[in-house]
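Everything on this sheet refers to the single structure shown next.
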Amino acid sequence: MITMVGHTIDWRKRIVSEISSLMRRLNVNQRQVLAMLQERGIRLTKASLSKGLSGDKGISIERLLDIRQALREEAQEKDSSKVARSIMHRPVETADAEEQIRSVLERMAASGYSQMPVLDGDKVLGVIRADEIIGKLSEISPKDPARRFCSGVVKVPDDAPITTVRPWVKQYGYVLVEKEGAIVGIITYADFL
């Protein structure tokens, strides 16, 4: 455990959380993780793995890091064969460029979306991001058009490898997926959990 002014970081808890997340993403159980580790020359008992995943300190941080790395490599290998269209959400809910920002924000809140593309006809003008709007609330009139609050657009082709898409999603929180110039889907950070 590392303590900095006002912050305590429990590395064990953070690593165990990531291991659990990777196991869910890969849809593997403890027995399968043990087999994966054995293939990499890492010997571990089921009891040790269970204790480690429960946060028990009976397993070393180094061993937890080995488990995490093996799962990361497995996820990378699995992802390298996937393309954007295989994980995108569709249809994409959009806002019209002239739609009042109040209406757009209400739809975003109701749907749980943190971003929404803004279209002028078939052309994507940008994306409204809730995290950017929050900082501008004092400048907003509910009747302002959506186009006023657009930020840049991040687009990838529908056949882009997931390994290429992930860094963009990590940086921007989303990417729009396009095919033949039309937006056909959206990928957000949640799609990688």
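Data for the structure
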item	result
Qualifying residues in the range 113-127 (those that are open to solvent by 50 Å² or more (accessible area, probe 1.4 Å) and in contact (Cβ under 8 Å) with a residue 24 or more places away in the chain) - the one nearest to the chain's Cα centre (by Cα)	SER114
Qualifying residue in the range 152-171 (condition: in contact with a helix residue (DSSP H, G or I) (Cβ under 7 Å, 6 or more places away or on another chain), more than 30 Å from GLU77 (Cβ to Cβ), of a type outside the set (S, T, N, Q) and not in a strand (DSSP E or B))	no
Extreme residue, most open to solvent (accessible area, probe 1.4 Å), among residues of the range 28-48 that are polar (S, T, N, Q) and within 18 Å of GLU62 (Cβ to Cβ)	GLN38
Filter pass, GLU74 being over 20 Å from PRO157 (Cβ atoms), open to solvent by 50 Å² or more (accessible area, probe 1.4 Å) and at pLDDT 90 or above	no
Residue under evaluation GLU178, criteria (1) open to solvent by less than 60 Å² (accessible area, probe 1.4 Å); (2) part of a helix (DSSP H, G or I), criterion not met	(2)
Residue match in the range 159-172 (condition: buried (at least 17 other Cβ atoms within 10 Å of the Cβ), modelled with pLDDT of 90 or more and within 22 Å of GLU98 (Cα to Cα))	no
Single match in ALA110, ALA95, ALA84, ALA130 (criterion: touching a helix residue (DSSP H, G or I) at 6+ places or on another chain (Cβ under 9 Å), of a type outside the set (Ser, Thr, Tyr), free of Cβ contacts under 8 Å to residues at least 40 places away in the same chain and more than 26 Å from LYS13 (Cβ to Cβ))	ALA130
Scan of the range 79-105 for residues that are farther than 22 Å from GLU132 by Cβ and open to solvent by 80 Å² or more (accessible area, probe 1.4 Å), ordered by number	SER81, ARG85, ARG90, PRO91
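The values are calculated or read from the model by the stated rules, or taken from the named source; none is laboratory data. Everything numeric here is computed off the predicted structure, so don't read it as measured data. Methodologically, a virtual Cβ is constructed for each residue, glycine included, from the backbone with ideal geometry; neighbour enumeration extends over all protein chains shown. Heavy atoms of the whole protein, side chains included, go into the accessibility calculation; ligands, DNA and RNA do not. Shrake-Rupley method; radii C 1.70, N 1.55, O 1.52, S 1.80 Å.
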